[in-house]
Each structure stands twice: as C-alpha cells, then as structure tokens.
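Novice: To start, I am sharing the structure in question, which I have written as structure tokens.
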Amino acid sequence: MKHKIMIIGAGFGGMWAAVSATRLFNIHGYQDVEVTVLAPQAELRIRPRFYEPDAHTLVAPIDALFDALDIKFIQGTASSINVAEKSVAYRDASGMEQRVGYDKLVLASGSSLATPSIQGVAEYAFDVDQLEQAVRLEQHLTSLASLAESKGRNTVVVAGGGFTGIETATEMPARLRKILGEQANIEVIIVDRSTEIGASMGAEISRSIAEACEALGVKWRLKSSVVAVDEHGVVLDDGQRIEAKTVVWTTGVRADSLTSQIPGKQDALGRLHVDSNLAVTGQRDIYATGDVAYAATDDIGNHALMTCQHAIVMGRHAGNNVAAEILGIEPIAYRQPKYVTCLDLGQWGAVYTEGWNREVKLTRQEGKSLKTQINTVWIYPPAANREAAWAAADPLIPIA
C-alpha cells in the first residue's frame, strides 16, 4: 500500500509543500507514496499582486509542473476534515460531494478577508483579497467611465491603512486616470484608526509612505473608521459622510475555517500552533503551512506573517518534513530569521526594508525595481522541469 499525502491548497504554501515532498522522496529513491493536491484550480494565484490592474492575468498554471513531478491533482473544494478517520470531504468540479483518505495531511488552505458586520460592507464594498473580487473591482472601475462626472464617481475610499490598503490606494490614482482621463479630478482617501500615516508599518517606513501619498494626492482620514457603507459612499464614526462610488475594504484577514476542524491550539487569527517542523501541536500526522500556521520564525519571539514571503519557505519545510516522517529521517526545523518588506507605492516607486523594525534600505525607483522583480519573477512557480523545480524546493537554499 502506498503512503498517501494529502495537501489541501495550491497556493504558495501548498504548491511548495508538494514540490518539496516529491523532492525528498526522489533523493531517497522512495516510490511507495502518492502526493495529492486538492484545490479548486491547478493554478497559483499571485495574490500579492491583486491590487494591480489586469487582475485576471495574475495566475500561473501549475498543472504541467504537477505532471512533471508525478503530483496528483484533485479539482475540488475541501469542506470538512475527519481527523479520526483520516479523510477529507470535498465538493468536486461538478458539485458532487466526495471523500478521500490520507495517511499524512498538510493543511495549506490559506486565509480570506473576514467581512465585518458593518452596515453595507457585504453589499457595497469591494476588496482585493481573492482573484474574483479583484476582477469584480476592476470591472466596476472600468464602468465608472460610463457615469456622469461627479465627485462620488471620481472618489475612492480605502478602508484600512495597512499593507494592502496602502498598496491599493497608491496604485489607484494611475488606475483611475487611465479610465477617467488624465485631467479627471480624482480623490483617493484612506480611512484608518491610527493617529499617524502608516503607523502600523513602523516609524521609519511611514515617512516614505507619507511622502508618496503627498506626491500622488492620496489623502488620509486618521483616527477614523467607517461605520456604514452604501451605494453612494461611506459614513465615518464622527458622523461625517464621504461621497464615493468605490469603497475598497482591506482589513480583517483570518485563517481558513478548516483549522477549526483540527484539534489544537489556535491564535487570534485562527491559525494552528505548530512545532518547529510545522506539525500541528498534538497531531503527528497533520502539518500546517502558510496562512493557516502559527509558526515561530526564530528563537526571539517572532512569528510568520500571512505573506507569500513566509508561505513559500514554510511550504518547502512542511513538504520536506512530512516526507521525512514517512522516510524515518531527520526533519529540517523551520527557521526564517530574515524578514523584509517591499511596499509598492504606485507611481512614486516603492520602499524596501529589512528587519522586524523595518529599516529602510531602498526607496522610489530603486525600491520599485526590486518590487517588480519580486512580484513578476521570484514568487512565480518554477518551470515544469524536475531538476529545476526540486532545486528550487530545497528548504536549505539561502533566503534572499
């Protein structure tokens, strides 16, 4: 009987876990195993780019890669996990309920925007969390050109001044002018509870954010929050109203709800606590990686964030370690002490930082060049070539 490894999710964590597991089995000449990925599509969705235009192009097919590495793919959406029976229920491409068993499970089902119970958000707000929603926003923006000139038509409100909110807002002036014309009197407003611009990102990087926003004309409404959204705008907590045909919500991401079906401690975002090998605490046969895992990156108290930067490296380790468990060899403890950020700031450029205190290293066009390299090359899947893919999946390769 072949050992069955089931990986739920084909995002950064899931894809790299599958490639890494097959790499280790190949090294040891072990063939009595079946690695399967269960996901809605055999494609890697380049989620860190969904704030950009042409969202429908921001996917990379991975079916050829899976074929080259003998990774089985099941098209479907996981609905439940039975830990006692070691099985996963899913809805297949035709909508039928199916069930598949496993010996080892790697949960890599990611995260999603948790829509708040604020009046009108679910009905009228847009977001860039998932591909379909990013495409919906783009279609809406394009449709603005057919509307009569008005302040509301030309105004975009972005709720939340974190990483996603800033990238979305600073890209918006160029997107709007392309649709409405270079002379359009546009207004982009970030509504944020913080007392200072970019406060959640740190003092040093916030200076670059403020400079970029001033240059681009992006305004901030600080110490404010949205309490209601409708078809024509938002109401703030002080009672003021902003007329806007476009409201983009960027706050409140949570781990996929499948984590609640696995016995184990969770953090405030619903992520499963894992040990240094990324095995779920108290679950020898279940691993978690990417946005569903609460994993220490070092020995001084830092933990992985919900970013592709961490998911890629965690995926390599999770796949290697689930394979190592089957092979009976030593796993490789997950550690990722180097932390960087590269924040896109629209036509102003970008800002690149190093360390958890986000020390600025590059800004403007130097930062933009690096951001472009990261977004269009580094985070894309490897070629459908065994040697190249397995080399890229080595958990011990240097982290740039």
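Novice: So between S200 and K151, what do we pick up on full extension, going 0.36 nm a residue minus the alpha carbon distance?
Specialist: Here the segment from S200 to K151 would lengthen by 14.7 nm.
Novice: Can you sort V274, V322 by solvent-accessible area, 1.4 Å probe, largest first?
Specialist: On the way: V274 20, V322 0 Å².
Result of the area sort, largest leading: V274, V322.
Novice: Can you count the Lys pairs in region 148-306 whose Cα atoms are under 30 Å apart, with each pair 8 or more apart or on different chains?
Specialist: 8
Novice: Label 7 Å along Cα→Cβ of A268; region 299-319 residues with amide nitrogen under 16 Å?
Specialist: 302-306
Novice: Something else now. With Kirkwood's inverse mean 1/r over C-alpha pairs for Rh, give me the Rg to Rh ratio of region 133-269, two decimals please. Each step should come with its number before you reach the end.
Specialist: Numbers: Rg = 16.6 Å, Rh = 16.2 Å.
Across region 133-269, the Cα-based Rg/Rh ratio is 1.03.
Novice: Leaving out ligands, DNA and RNA but keeping every protein chain, what accessible area does D230 have, in Å² rounded to the nearest 10, with a 1.4 Å probe?
Specialist: Using a 1.4 Å probe on the heavy atoms, I get roughly 50 Å².
Novice: Could you please state how large a percent of the accessible area of the chain is carbon and sulfur, counting protein chains only and using a 1.4 Å probe?
Specialist: Carbon plus sulfur share of accessible area: 49 percent.
Novice: State the extension gain, in nm to one decimal, for the chain segment bounded by D32 and R91, taking 0.36 nm per residue of separation less the distance between their alpha-carbons.
Specialist: 18.5 nm
Novice: With every protein chain present, what accessible area does W378 have (1.4 Å probe, heavy atoms only), rounded to the nearest 10 Å²?
Specialist: Approximately 130 Å² for this residue.
Novice: Taking Cα centroids, how far is region 244-258 from region 305-369 in Å?
Specialist: With region 244-258 and region 305-369 each reduced to a Cα centre, they are spaced 23 Å.
Novice: How much solvent-accessible surface does W249 expose, in Å² to the nearest 10, with a 1.4 Å probe and all protein chains in place?
Specialist: Probe radius 1.4 Å; accessible area of W249 about 20 Å².
Novice: Please state, rounded to one decimal and in Å, the Kirkwood hydrodynamic radius that region 341-400 gives when every pair of distinct Cα atoms enters the mean of 1/r. Spell out each step's value before the answer.
Specialist: Details: mean 1/r = 0.0768 Å⁻¹.
Result for region 341-400, one decimal place: 13.0 Å.
Novice: Right, another one. Principal axis lengths of region 269-400 from Cα atoms, whole Å, largest first?
Specialist: 51, 37, 23
Novice: A follow-up question, please. Can you divide the C-alpha Rg of region 12-54 by 2.2 N^0.38 Å and report the result to two decimal places? Mind showing how you got there, number by number?
Specialist: Numbers: Rg = 14.4 Å, N = 43, 2.2 N^0.38 = 9.2 Å.
Relative to the 2.2 N^0.38 Å estimate, region 12-54 comes out at 1.57.
Novice: Would you calculate the convex hull of the Cα atoms in region 1-131 and tell me its volume per residue in Å³?
Specialist: Taking only Cα atoms, region 1-131 has a hull volume of 138 Å³ per residue.
Novice: Helix 364-373: angle to the longest alpha-carbon principal axis of the chain, degrees 0 to 90, nearest 10?
Specialist: The answer is roughly 30 degrees.
Novice: Round to the nearest 0.05 the FRET efficiency obtained for E214 and Q365 when R0 = 22 Å and r is the Cβ-Cβ distance. Walk me through the numbers before you get to the answer.
Specialist: Details: r = 17 Å, r/R0 = 0.79.
With a Förster radius of 22 Å, E is 0.80.
Novice: Considering only protein heavy atoms, what per residue accessible area in square angstrom results for the chain with a 1.4 angstrom probe?
Specialist: 43 Å²
Novice: Measure out, as a whole number of angstrom, how far apart the alpha-carbon centroids of region 1-25 and region 278-293 sit.
Specialist: 13 Å
Novice: At a threshold of 8 angstrom on Cα-Cα distance, excluding pairs fewer than six apart, so keeping six or more, what relative contact order does region 131-277 reach in percent? Display every interim value, and only then the final one.
Specialist: Numbers: 224 pairs, mean separation 35.8, N = 147.
Here the relative contact order equals 24 percent.
Novice: Loop by DSSP (not H, G, I, E, B), at most 12 other beta-carbon atoms within 10 Å: where is the longest site-free stretch of the chain for GluC sites (Glu not before Pro)?
Specialist: 232-400
Novice: Tilt of helix 131-143 relative to the longest C-alpha principal axis of the chain, in degrees (0 to 90, nearest 10)?
Specialist: Between helix and principal axis, roughly 20 degrees.
Novice: Also: Taking the Cα centre of each part, how many Å lie between region 149-184 and region 29-58?
Specialist: 29 Å
Novice: In the chain, what is the volume of the convex hull around the alpha carbon atoms, normalised per residue and reported in Å³?
Specialist: In the chain, the Cα convex hull volume per residue is 145 Å³.
Novice: Just to confirm the filter: which trypsin sites (Lys or Arg not before Pro) across region 243-289 are DSSP coil and have at most 12 other Cβ within 10 angstrom of their Cβ?
Specialist: Answer in residue order: K265, R284.
Novice: Report the rotationally averaged projected area of region 322-367 based on its alpha-carbon convex hull, in square nanometres.
Specialist: One quarter of the hull surface, i.e. the mean projection, equals 4.8 nm².
Novice: When only C-alpha pairs under 8 Å and at least 6 residues apart count, what is the relative contact order of region 250-400, in percent?
Specialist: Relative contact order for region 250-400 comes out at 14 percent.
Novice: Show D238, D267, D299 ordered by accessible area, largest first, where the area counts protein heavy atoms only and the probe is 1.4 Å.
Specialist: Values: D238 85, D267 30, D299 130 Å².
These residues rank, largest area first, as D299, D238, D267.
Novice: Could I ask something else about it? Just how many % of Cα pairs in region 265-312 lie over 12 Å apart, if you round to the nearest whole percent?
Specialist: Counting every Cα pair in region 265-312, those more than 12 Å apart make up 58 percent.
Novice: For region 65-147, what size does the Cα cloud have along each of its three principal axes, sorted from largest down, in whole Å?
Specialist: The principal-axis extents, from largest down, are 55, 36, 23 Å.
The values are calculated or read from the model by the stated rules, or taken from the named source; none is laboratory data. The model shown is predicted, which means the values in this text are computed figures rather than measured ones. Don't worry about glycine lacking a Cβ; one is built from the backbone with ideal geometry, like all the others, and counts go over all protein chains shown. Accessible surface is based on the protein model in full, side chains and every heavy atom, while ligands, DNA and RNA are left aside. Shrake-Rupley method; radii C 1.70, N 1.55, O 1.52, S 1.80 Å.
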